[in-house]
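Here's the structure, in structure tokens; my notes come after.
The values are calculated or read from the model by the stated rules, or taken from the named source; none is laboratory data. In this text the structure is predicted, and so the values were computed from the model without any measurement. Neighbour counts are summed over all protein chains in view; Cβ atoms, including those assigned to glycine, are modelled from backbone coordinates with ideal geometry.
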Amino acid sequence: MTRPRLDLKRIVAFNVTGLLLLLSWAWPHDMLWSDLDDRIFWFFNALITPEPNWWDDTLAILNHRAFDMISLAIMGLLFLWAMLRDPHPERLTRWIGIGVTMVLTAGVLALFTTKGISYGHPSPTRFFANAMRLTDVVSIPTKDSASNSFPGDHGLMLMVFAGFMLRFAARRIALLSVAFVVLLSAPRIMVGAHWFSDVYMGALSIALIALPWVLCTPLAAAAAGRIQRALARWMPQRLHSG
């Protein structure tokens, strides 16, 4: 396992960036995020038309529940690639430890966003009465709205994955993971299920403030190392008993 390290410079840099994002939301909101959110929403909403077309169907497919499984599969393939590229002789148990630590981190952040944040707002398709709803024009079951879209939980989970890849994976895999944060979170914004700020202010600020205390300190590496050592003790016993 990679030697645990404390990187205070990165923690401060990421935390300050996250706090600045929060401050930009608090003041002056109407001069920045509200205008940007409206412009992005109406740009994509204008592309949804009542007449059957490939764009509406594509958006519906990208926001279907089955596509969430495709997103999960993409992350799984990147995770597997990272493990196979790892020259460490015990890479299997090492990456199982990293994976379990990542899932636990994602679970804690998901719990915080659902239970610890009192603020919320509806998605733009529910906020604007005259918004075009994709579910009104396609027969494909899809998600185009949310009663509370803040923060972007889907985007936050993608950011957790990218953060762990940046910490533990090879550079190319880490950069691909960051790119997929943008690509896989975009459909929710394009269809109006999330505001742009739900992802790139709400989710991103949480990630920038919370993840450095896991990934830029000994916490993640130490937790993954403990899991790896436990697996190393358990697996030979299972092989011997089998």
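Let's see how each residue does on (1) in contact with a helix residue (DSSP H, G or I) (Cβ under 9 Å, 6 or more places away or on another chain); (2) farther than 15 Å from M157 by Cα:
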site: P52; (1), (2): no, yes
site: I61; (1), (2): yes, yes
site: M69; (1), (2): no, no
site: F79; (1), (2): yes, no
site: V100; (1), (2): yes, no
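Determine if region 147-165 includes at least one residue that is out of contact with any strand residue (DSSP E or B) (no Cβ under 7 Å at 6 or more places or on another chain), surrounded by fewer than 16 Cβ atoms within 10 Å (Cβ to Cβ) and not aliphatic (A, V, I, L, M). Yes, there is a match, as at least one residue in region 147-165 is out of contact with any strand residue (DSSP E or B) (no Cβ under 7 Å at 6 or more places or on another chain), surrounded by fewer than 16 Cβ atoms within 10 Å (Cβ to Cβ) and not aliphatic (A, V, I, L, M). Among the residues making up region 122-141, those that are of a type outside the set (D, E, K, R) and closer than 19 Å to D198 by Cα are P122, S123, P124, T125, F127, F128, A131. Annotation note: of M69, M75, M102, M83, the sole residue that is under 25 Å from A162 (Cβ atoms) and loosely packed, with under 13 Cβ neighbours inside 10 Å is M69. The helices (runs of 4 or more DSSP H) falling completely within region 1-101 that include 3 or more residues that are more than 29 Å from S145 (Cα to Cα) and of a type outside the set (A, V, I, L, M) map to 8-26, 65-85. Taking region 132-179 as the range and being closer than 15 Å to F79 by Cα and of a type in the set (K, R) as the test, the residues that pass are R167, R171, R172.
Among the residues making up region 97-151, those that are aliphatic (A, V, I, L, M) and more than 18 Å from the chain's Cα centre (by Cα) are A129, A131, M132, L134, V137, V138, I140. Within region 203-242, restricting attention to residues that are assigned to a loop (DSSP other than H, G, I, E, B) and surrounded by fewer than 22 Cβ atoms within 10 Å (Cβ to Cβ), the residue that is modelled with the lowest pLDDT is G242.
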